[in-house]
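One structure is given below, encoded as structure tokens.
The values are calculated or read from the model by the stated rules, or taken from the named source; none is laboratory data. On a predicted model such as this, the values are computed, not experimentally measured, just so you know. Counting neighbours? That spans all protein chains shown, and the Cβs are built from the backbone with ideal geometry, glycine included.
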Amino acid sequence: MHRLRTCAARLRPLTASQAAQTVGQQRPITVASPGGTRTFQPIRCYSAPVASEPFLNGTSSNYVEEMYYAWLENPKSVHKSWDVFFRNANAGAPPGAAYQSPLGLSAASGLVAPQLSSLVGAQPNVEKLVEDHLAVQSLIRAYQIRGHHVAQLDPLGIMDADLDSCVPTDIITSSDKLGFYGLDETDLDKVFRLPTTTFIGGSESALPLKEIIRRLEMAYCQHIGVEFMFINDLEQCQWIRQKFETPGVMQFTLEEKRTLLARMVRSTRFEEFLQKKWSAEKRFGLEGCESLIPALKTIIDKSSENGVENVIMGMPHRGRLNVLANVIRKELEQIFCQFDSKLEAADEGSGDVKYHLGMYHRRINRVTDRNITLSLVANPSHLEAVDPVVQGKTKAEQFYCGDNDGNRVMSILLHGDAAFAGQGIVYETFHLSDLPSYTTHGTVHVVVNNQIGFTTDPRMARSSPYPTDVARVVNAPIFHVNADDPEAVIYVCKVAAEWRATFHKDVVVDLVCYRRMGHNEMDEPMFTQPLMYKQIKKQKPVLQKYAEKLIAEGAVSRQEYEEEIAKYDKICEEAYARSKDEKILHIKHWLDSPWPGFFTLDGQPKSMSCPSTGLTEENLNHIGQIASTVPVEDFTIHGGLSRILKGRAEMIRNRTVDWALGEYMAFGSLLKEGIHIRLSGQDVERGTFSHRHHVLHDQNVDKRICIPMNHLSPDQAPYTVCNSSLSEYGVLGFELGFAMASPNALILWEAQFGDFHNTAQCIIDQFICPGQAKWVRQNGIVLLLPHGMEGMGPEHSSARPERFLQMCNDDPDVMPLIIFTPKSLLRHPEARASFDEMLPGTHFQRLIPEGGSAVERPEEVKRLIFCTGKVYYELTKERKNRGMEGSVAIARIEQLSPFPFDQVKAESERFSNADLVWCQEEHKNQGYYDYVKPRIRTTIQRAKPVWYAGREPAAAPATGNKNTHLMELRRFLDTAFDLDAFKDQE
């Protein structure tokens, strides 16, 4: 009965209303129990036991179990005799001592309890019988919870997949452990009724104890270990139990076995072919986990059978070439020609190593005879960084084809064991999995569990038992499987694909394998794992083991097996011969997200010049009206928001816009033209600075919202604006992936403050900046980074523009991606634009020239200040205060890269007698100075120096002391307007 105490600790208290139902009521009640919710019939279950009750002859344990769970919830829900029995048992009374004579019910109940004195005399072992049935149910539950800890998962037979060699106390490994449950060997032949929470009986409702244990071992302790009992959904737990507990469920037809063997041949011989031809080349082969290829193909086959038409995949470098060849079905000659050291890249792009590149391919699935599109997303060596990118691309494909449930488009993510446990982006990506604007309705995760990370042992690489434990946070079932048992692998992958199709939730397949070579083919693993690699050298390859098994079964003959090998070897040799004729690598073969026709018009390259972005006055007024009203009836908004909308309406009447309203105009005009817009990030719906308010909330109805921008016109494109999780790395990666899917969309990610992109630097460095040159990756992601020094400290000031400028290549074909957005300027009275600057015929201004009184006598202007951003308004205010409008001109460079050489040259020549100053509020070693100075000097052919006015060099981006901030501001403004400041330096 000590197991009862364990169960009691897992139950939640009954609510007051449920407790009231349990006393003297006739209707059933529902309460929580370890197996899920349970419904009880109070009168039948909670009266005192009588001789006719079926549990006394061993045919029903559910009756007592139900009473016990009900008693845990509310002791008054059972007869007093059962209350005493359960109390004594829970207190540790030995078998046979827990029973006491029942007492009569209180007079208030109106019931009289049958006496058990004679019954006990006739049935002296009734307490033991009850205890034994409950013990068996606890035993079954123990295997369901902890059976995976003793499963035979390591193909080498030397490692514990859970890093623990101890066998759980409640798992029966020998007859002497029966004592844990109060049982002994004499109980092994006793028949026990099976609870409804197991399927080990198949069509049988009761089994002998020894058969119960045997079937539990077969279900949970062989080559498959199942973790699922942490899932808090009874239907899902029952679904998994049925898949793994039902006797004989893992059966394969002859055709399935032969197909599996053929796939194992291709997986194995591909690696052997590469090793034979290029033994001195790195390729990060799949040796030791060759079953990955049939595993992936099974997931795709089963998903195709369930209606999936598009699969987006992401993976690290190990096994990538094999996946490209045998899953995506990339032409072998294109893979082989990558190994030619004399190869010259054609088209464009610096390219990357072959085991980083991606692929996009539409083909027929031969198992289902249905079309399927497969894409493998290119990614760097920054492990797991591709995870959110794949999810974003998947979400976009689902969005554009109207797949609201993930029935047609899905994602598969492959992981290494050490990276899955060690990289925080894995956790960030999992936490996007069920968010409404980010869910892809279930991802199949496949972990290639080498049981080593480069040279690091698992016990040094993680603190959790398994590398997959991070998946438990989203209640994803985890199927561990010995990768040297191909049939077990295939079965698990079928179940994983069915799980996703059924529940649209994430699922993890943990392929416990080994790495036959070192980290790469040139590495020596014996330096650091000598005992492991001595065993690996003796390990028979999985293909050989499986072929011998099938030959022994008579499923194939040895001749058929050898013919299968010869057939694939011939395919490889012929492709190798063709690869010799491939003089140039065509990068188009390696695109993972092609945008056909985007860069051409009628077969000719499109002009890269920007057309007019102006709108008609009618359009501006219409969008402004939507922005300043609530286009839904009976919708109550906050009083403060009413004032904001009135302010917008006033600006529209005055034909002006501020930043927030200007953004509204830009978004609204694109939506009316059919361009989908997605704005994502932390608190973007309202805006961090309470300026945007694109989502309105009804003050009287919970969760009732209105997005006015989706009420522009009947045929507009949809506007998606969504607050993200508190993640930068994961969410920016997701939006980058979303932007890969279509060129006809505006996808924006906004950081809460510009500084916060630091946490997403990997996505910026590895995917965004080099994407076009590195992989010819086509992407239209836009970053909005609030930036500006206002005395608020270094954490909320600088978007580090110098980093982005260093990564730009000044190619005129590169379009702007990064927008440094304002904070204080959101409400600055001077930061306004007139409708006249937004009408048809107007264009984006790469440089805004001086337009004041200085242009009347340009030859008299003594200083031309170039600047960008917020500092302009501080400069113009200071110029006015000093009365220097005629002697100092100020020009704003709005587009820093590509640099507007032509317009800077024109402005410099207009004020030919002026000295040139670059002014910025950022510190001298930060911001824009190091980038713009050589470019301005190139523009003017080094005819003049370019002086600096700004803060002195510093390690941190800004001060948090208000007085220091104002002192620094005063100092550089004095420098900027002191016309003699630089004479001693000339």
TODO: Could you tell me which residue of segment 937-947 is surrounded by the most Cβ atoms within 10 Å (Cβ to Cβ), considering only residues that are touching a helix residue (DSSP H, G or I) at 6+ places or on another chain (Cβ under 6 Å) and outside any loop (DSSP other than H, G, I, E, B)?
DONE: Thr939
- [ ] Test Phe667 against the stated conditions and say whether it is of a type in the set (Phe, Trp, Tyr), crowded, with 21+ Cβ neighbours inside 10 Å and within 24 Å of Pro829 (Cα to Cα).
- [x] yes
Task: Options Arg686, Arg648, Arg692: the member that is surrounded by fewer than 18 Cβ atoms within 10 Å (Cβ to Cβ), under 19 Å from Val632 (Cβ atoms) and without any contact (Cβ under 8 Å) to a residue 60 or more places away in the chain - done: Arg686
TODO: Output the residues belonging to segment 262-313 that are surrounded by 23 or more Cβ atoms within 10 Å (Cβ to Cβ) and in a loop (DSSP other than H, G, I, E, B).
DONE: Arg283, Gly285, Leu286, Gly288, Cys289, Glu290, Ser291, Val308
Open item on the list: I need the full set of residues from segment 202-261 which are in a loop (DSSP other than H, G, I, E, B), among the charged types (D, E, K, R) and either assigned by TED's automatic domain parsing to the domain that holds Val507 or free of Cβ contacts under 8 Å to residues at least 60 places away in the same chain (or both), in order please.
Closed with: Glu204
Task: Unique match (being in a loop (DSSP other than H, G, I, E, B) and closer than 18 Å to Gly225 by Cβ) among Asp189, Asp160 - done: Asp160
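Here's the yes/no breakdown for (1) in a helix (DSSP H, G or I); (2) among the hydrophobic types (A, V, I, L, M, F, W, C):
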position: Phe635; (1), (2): no, yes
position: Arg643; (1), (2): yes, no
position: Met651; (1), (2): yes, yes
position: Leu661; (1), (2): yes, yes
position: His691; (1), (2): no, no
Task: In segment 850-870, residue farthest from Pro786 (Cα to Cα) [restricted to those that are buried (at least 17 other Cβ atoms within 10 Å of the Cβ) and touching a residue at least 60 places away in the same chain (Cβ under 8 Å)] - done: Arg863
Task: Hits in segment 834-890 (condition: part of a strand (DSSP E or B) and under 49 Å from the mean Cα position of the chain (by Cα)) - done: Ser834, Leu847, Ile848, Ile865, Phe866, Cys867, Ile890
Open item on the list: Any residue that is crowded, with 19+ Cβ neighbours inside 10 Å and hydroxyl-bearing (Ser, Thr, Tyr) - is there at least one of those in segment 892-899?
Closed with: yes
TODO: Return yes or no: is Glu685 in a helix (DSSP H, G or I) and of a type in the set (Asp, Glu)?
DONE: no
Task: Elements of type helices (runs of 4 or more DSSP H) contained in segment 466-563, each with 3 or more residues being over 18 Å from Leu286 (Cβ atoms) and either of a type in the set (Val, Ile, Thr) or within 34 Å of the chain's Cα centre (by Cα) (or both) - done: 486-503
Task: Residue that is surrounded by fewer than 20 Cβ atoms within 10 Å (Cβ to Cβ) and of a type in the set (Val, Ile, Thr), where the choices are Ile768, Ile707, Ile763 - done: Ile707
TODO: Quick one: Trp918 ticks every box in (1) under 30 Å from Pro611 (Cβ atoms); (2) without any contact (Cβ under 8 Å) to a residue 60 or more places away in the chain except a single one, so which number is it?
DONE: (1)
Task: Single condition Asn779 does not satisfy, out of (1) touching a Phe, Trp or Tyr at 6+ places or on another chain (Cβ under 9 Å); (2) modelled with pLDDT of 90 or more - done: (2)
TODO: Consider Asp347 carefully, then state whether it is surrounded by fewer than 16 Cβ atoms within 10 Å (Cβ to Cβ) and modelled with pLDDT under 90.
DONE: yes
TODO: Just need a number here: residues in segment 907-928 that are surrounded by 14 or more Cβ atoms within 10 Å (Cβ to Cβ) and either closer than 21 Å to Asp980 by Cα or aliphatic (A, V, I, L, M) (or both).
DONE: 11
TODO: Six or more apart or on different chains, Cβ under 7 Å: which pairs go from a residue in segment 296-319 that's over 29 Å from Asn450 (Cβ atoms) to one that's crowded, with 24+ Cβ neighbours inside 10 Å and of a type in the set (D, E, K, R)? Could you list them?
DONE: Asn310/Glu397
Task: Matching entry among Lys567, Lys549, Lys540 (being surrounded by 15 or more Cβ atoms within 10 Å (Cβ to Cβ), at pLDDT 95 or above, assigned by TED's automatic domain parsing to the domain that holds Asn450 and on the phi < 0 side of the Ramachandran plot) - done: Lys549
TODO: Might you let me know whether segment 910-917 holds any residue that is more than 21 Å from Leu973 (Cα to Cα) and assigned to a helix (DSSP H, G or I)?
DONE: yes
